[in-house]
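For reference, the structure is listed below as structure tokens.
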Amino acid sequence: MSSPEPSLRGRTAECARLDELIAGLKPGACQVLVLRGEAGVGKTALLDYVVARTEKFRRIGVSGVESDMELAYAGLQQLCAPLLEHVDALPAPQCEALDVAFGRGAGDTPDRFLVGLAVLSLLAAAAEIRPLVAVVDDAQWLDQVSLQTLAFVARRLLAEPVALLFAVRDHPELLAGLPDLTVNGLSDDDARALLDSVMLARLDPRVRDRVIAETRGLPLAILEVPRSVSAAELSGGFWIAGKRSSPAAVEQTYVRRIRSLPDTTQRLLLLAAAEPVGDAALFLRAAGLMGIPISELAPAEADGLIEFGPRMRFHHPLIRSAAYRAGDLLHRRDVHRVLADATDPQTDPDRRAWHAALAAAGPDDEIAAELERSAARAQSRGGVAAAATFLERATTLTADPTLRAARALAAAQAKSDAADAAAAHELLAIAELGDLPPLQQALVARLRAQMQFVRSRSGDSGAPAVADTAPPLLEAARTLQRLDDHSSRESYLETIAALMYAGRAADPAALTRAADAALAAMAQVTDRLRPVDLLLQGTAERITGGPGAGTDTLGRAVAAMRAQADDDVAVGRWLRVPAFPILQESAAHELWDPQAVRHLATAAVRHARGSGALAGLPRALAYRAGVHLMAGEFAAAEQLLGEASSIAAATAARSPVRYHEVMLAAWRGDVAEAAKLIDSLTAEAVPRGEGRLQGLLGYAAAVLYNGQGRYEDAFTAAHECCAYPDLGFHGWCAFELVEAATRTGAGDVARDAVARLEVSATAGESDWGLGVLAAARAMTSDGAAADALFGEAVERLGRTDIVVHQARARLQYGEWLRRANRRTAARRELTAAHDLFTAMGARGFAERTRRELVATGEKVRAPAARTGGELTAQEAQIAGLAAEGMTNSEIGASLFISAHTVEWHLRKVFAKLGISSRRQLRTTAFAP
């Protein structure tokens with residue numbers, strides 16, 4: 001980047017913000033900023049301002065190039081190239097992931113966010129000696145995987161002395177949620193001053209005002225006035241091109257300047273514009289193949305359009321696009337053909353194939369085959385979007401109808417994986433025109449149905465209701481039978497999952513019909529059943545047989561999954577089936593098996609962290625947060641949900657944590673937060689037809705209101721929740737209904753809820769289920785029977801780690817004892833309950849318990865004020881991992897942060913705990 005002028009006219013506020021950013025860049029403090037604004041508004045000049053004022057820092061940069069958008073990791077590799085001297089210092093998995101992503105080595109496909117962690121570590125390593133400034137201009141033109149990876153890095157920078165700055169045009173969805181600064185046009189006064197500074201002759205004030213109005217304060221448009229408008233136009237006031245200040249109009253002025261140059265100069269500019277990396281050596285080879293001496297570039301350099309050096313550099317991105325558009329189609333094809341010939345097929349086969357594809361005038365099977373190979377290489381590097389684009393272009397260049405259809409199907413799958421649903425649908429339409437064999441026809445139908453299901457849950461306007469996506473999934477499952485039985489069973493699983501999500505918003509008979517169809521298909525299976533097959537069969541048996549049915553099969557499924565939980569290959573295979581997590585979690589809950597829930601959730605997180613499978617990590621973290629929630633470990637649950645939310649934002653995925661957030665708010669007794677979440681999620685769930693979420697929100701409301709002692713409200717919420725038997729949490733809601741009904745005099749309703757709970761809670765014969773059932777029975781009993789049942793509930797639940805239900809049982813027992821005028825015994829149970837609720841942070845239930853204690857004559861001390869020296873949730877997590885003996889690098893890899901940030905947190909932990917070594921952590925109580 002060139003050095004800016006000493007000051008930027010009209011940019012006082014923007015420069016002050018950037019000066020603050022530079023001043024704040026120091027150890028323990030990172031800086032991230034996104035400059036947003038239309039083309040020509042001056043974003044690049046502001047980035048140059050930062051670069052010029054950080055001469056003492058290390059600086060790297062990259063500019064996105066529109067024609068380079070399809071090459072996976074192209075932008076990221078250019079940005080990181082100056083830092084590769086630090087690669088060997090990275091942990092081995094990160095080093096290998098980066099080598100594969102950048103084409104420096106071979107290996108298994110790296111998860112793109114493991115690559116992100118490697119880049120984060122690389123930046124941190126480079127910044128150890130002096131702060132690092134990384135500048136990304138025209139971020140909207142980076143290849144998708146590079147931009148996603150850098151967005152992840154920007155959100156995970158914490159204590160590293162790294163500044164990461166982006167400039168992006170008006171694309172609000174790109175880099176959303178990061179700190180940003182909107183760059184607008186100059187004020188009229190500043191625009192007049194800038195115009196006057198570049199004009200050789202004085203302007204008529206009326207003409208000048210017209211120019212200012214037309215340019216709308218865009219500095220680039222103003223600076224182009226002397227070159228793009230004749231003296232006659234300016235002096236006579238005839239400059240009336242009403243939209244000249246738009247980016248397209250500014251670009252058009254560049255096109256006119258380029259077309260005024262000699263033909264050979266235009267051809268070299270087109271060559272430079274079509275070669276996105278700016279490799280001067282490649283440019284020279286290609287110019288030689290064209291037979292044009294490099295000296296012919298001189299007129300363009302003299303006109304301030306391009307700079308020839310170690311890298312070819314256009315003076316503004318609009319000049320590059322103008323140079324490309326100034327050439328006609330034949331010249332563009334010729335230039336791409338020359339670039340393909342000049343590109344080394346050994347070191348850069350993908351860019352060579354892409355240039356050859358752009359040079360093709362019609363179908364070319366040889367180029368299409370090479371693009372298919374490029375797609376496989378891109379896929380192996382984690383470049384899903386690039387692979388999709390290569391396959392899409394290969395489809396266009398394929399002459400044979402059958403092969404074209406097969407490539408279109410592969411491209412559609414890749415586009416779907418890259419979240420480009422519109423392109424995927426178009427490619428599926430192409431695939432359907434071909435003469436596909438039956439298996440591929442069935443796979444086309446399944447992919448189309450899967451995309452409809454994803455769209456229905458994404459909240460897109462006009463998307464079908466969740467239940468409406470089940471029939472095509474079911475049809476795909478039936479069609480795939482005997483063609484691909486494994487895919488068929490997974491499609492049945494997806495069908496059931498879709499109808500489970502639809503829940504009460506769908507026809508209840510639809511779920512039963514799907515389960516019947518799945519069982520009929522399972523009856524024909526002769527090979528050994530996989531855990532996913534057992535899960536499908538057990539769930540279908542539970543649906544068709546009602547509560548308590550399918551217990552044996554679900555038990556076998558859960559046992560098989562637990563047996564494979566330490567096998568990362570098996571866990572990864574489960575997590576790749578989108579329907580699997582909800583059914584796995586529901587199965588363990590139907591069995592009331594807390595050990596299975598904890599084991600499987602831990603395995604999911606371990607696999608996601610260990611493999612770098614960040615795309616699936618938010619769901620795994622939310623699953624594990626649910627375990628902590630039921631164990632009364634609210635701080636740990638909150639920390640995991642926060643991590644899941646930040647990762648979901650970095651991956652531009654729909655966050656799975658809001659459902660767990662509402663449960664956390666309900667158990668904490670945070671009425672305002674829970675009510676806000678319930679209202680907002682209800683507004684999302686109803687239009688989507690997501691009845692399961694509506695049921696879950698009813699359960700959350702029942703917990704919240706029972707904790708507050710608002711039993712009428714709890715009764716209404718629990719009664720509505722129990723109206724539909726949602727798998728996985730229906731028994732929990734029945735328990736809430738029993739308590740609310742007994743407090744509001746609805747004895748018949750309470751006894752009916754107990755009867756339903758009996759069928760569910762006895763199925764797994766676990767202390768959790770039987771303890772909850774004993775508490776529910778006690779609430780509907782009297783005298784000695786109630787006393788014995790409450791005692792059983794406290795004893796059974798005390799043997800589990802389901803602390804929220806332990807505390808509930810002791811509270812209910814204490815309340816019953818107080819009403820029986822057994823105050824001493826009541827105080828014992830209520831005090832134990834109050835201690836548990838207070839420790840976990842269940843403020844609503846703690847206050848309810850406190851009121852009962854006061855009624856027994858007990859004086860209850862107010863909660864101790866926080867001293868400010870407690871560890872944060874993340875500090876406690878890092879301290880715990882360090883106490884287990886993990887190194888900083890291992891902790892960083894586990895938590896997707898840099899080792900430098902781990903060390904920074906540990907220094908704070910040591911200071912707060914008054915210790916000086918990791919060894920002391922093992923004997924220090926550091927959990928929040």
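Overview of results
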{"item": "Selection status of THR682, hydroxyl-bearing (Ser, Thr, Tyr), out of contact with any Gly (no Cβ under 6 Å at 6 or more places or on another chain) and surrounded by 18 or more Cβ atoms within 10 Å (Cβ to Cβ)", "result": "no"}
{"item": "Members of the range 235-273 found to be modelled with pLDDT of 85 or more, among the small types (Gly, Ala, Ser) and buried (at least 19 other Cβ atoms within 10 Å of the Cβ), listed by number", "result": "ALA272, ALA273"}
{"item": "Condition met for GLY791 (surrounded by fewer than 16 Cβ atoms within 10 Å (Cβ to Cβ) and assigned by TED's automatic domain parsing to the domain that holds LEU704)", "result": "yes"}
{"item": "Test: residue in the range 498-505 that is surrounded by 22 or more Cβ atoms within 10 Å (Cβ to Cβ), in a helix (DSSP H, G or I) and free of Cβ contacts under 8 Å to residues at least 40 places away in the same chain", "result": "yes"}
{"item": "Within the range 263-342, helices (runs of 4 or more DSSP H) holding 3 or more residues that are touching a strand residue (DSSP E or B) at 6+ places or on another chain (Cβ under 8 Å) and farther than 30 Å from GLY42 by Cβ", "result": "none"}
{"item": "Filter result (under 31 Å from the mean Cα position of the chain (by Cα) and outside any helix (DSSP H, G or I)) within the range 534-564", "result": "GLN564"}
{"item": "The range 812-833 residues that are under 21 Å from ARG777 (Cα atoms) and free of Cβ contacts under 8 Å to residues at least 12 places away in the same chain, paired with ones that are of a type in the set (Phe, Trp, Tyr) and surrounded by 19 or more Cβ atoms within 10 Å (Cβ to Cβ) (beta carbon under 9 Å, 6 or more apart)", "result": "ARG822/TRP816; ALA825/TYR813"}
{"item": "Residue check for LEU186: buried (at least 19 other Cβ atoms within 10 Å of the Cβ), more than 22 Å from GLY304 (Cα to Cα), out of contact with any Ser or Thr (no Cβ under 6 Å at 6 or more places or on another chain) and modelled with pLDDT of 75 or more", "result": "yes"}
{"item": "Qualifying residue in the range 844-858 (condition: at pLDDT below 80 and within 24 Å of HIS628 (Cβ to Cβ))", "result": "no"}
{"item": "Restricting the range 859-906 to residues that are among the β-branched types (Val, Ile, Thr) and outside any helix (DSSP H, G or I), the residue that is modelled with the lowest pLDDT", "result": "THR867"}
{"item": "Selected residue (only one of ALA734, ALA723, ALA753, ALA775 is out of contact with any Leu (no Cβ under 7 Å at 6 or more places or on another chain) and either modelled with pLDDT of 95 or more or in a helix (DSSP H, G or I) (or both))", "result": "ALA775"}
{"item": "Pair list, Cβ under 9 Å, 6 or more apart: the range 188-208 residue among the polar types (S, T, N, Q) and part of a helix (DSSP H, G or I), other residue at pLDDT 65 or above and surrounded by 12 or more Cβ atoms within 10 Å (Cβ to Cβ)", "result": "SER197/ARG9"}
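Residues are listed down the side, and each one gets a yes or a no for (1) buried (at least 18 other Cβ atoms within 10 Å of the Cβ); (2) within 17 Å of GLN252 (Cβ to Cβ); (3) not assigned by TED's automatic domain parsing to the domain that holds LEU284:
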{"site": "ALA302", "(1), (2), (3)": "no, no, no"}
{"site": "PHE314", "(1), (2), (3)": "yes, yes, no"}
{"site": "LEU318", "(1), (2), (3)": "yes, yes, no"}
{"site": "ALA322", "(1), (2), (3)": "yes, yes, no"}
{"site": "GLY327", "(1), (2), (3)": "yes, yes, no"}
{"site": "LEU330", "(1), (2), (3)": "no, no, no"}
{"site": "ARG333", "(1), (2), (3)": "no, no, no"}
{"site": "ALA356", "(1), (2), (3)": "yes, no, yes"}
{"site": "ALA360", "(1), (2), (3)": "yes, no, yes"}
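The values are calculated or read from the model by the stated rules, or taken from the named source; none is laboratory data. Not measured: the values here are computed from a predicted model. Quick reminder, even Gly has a Cβ in these numbers, built from the backbone with ideal geometry, and neighbours come from all protein chains shown.
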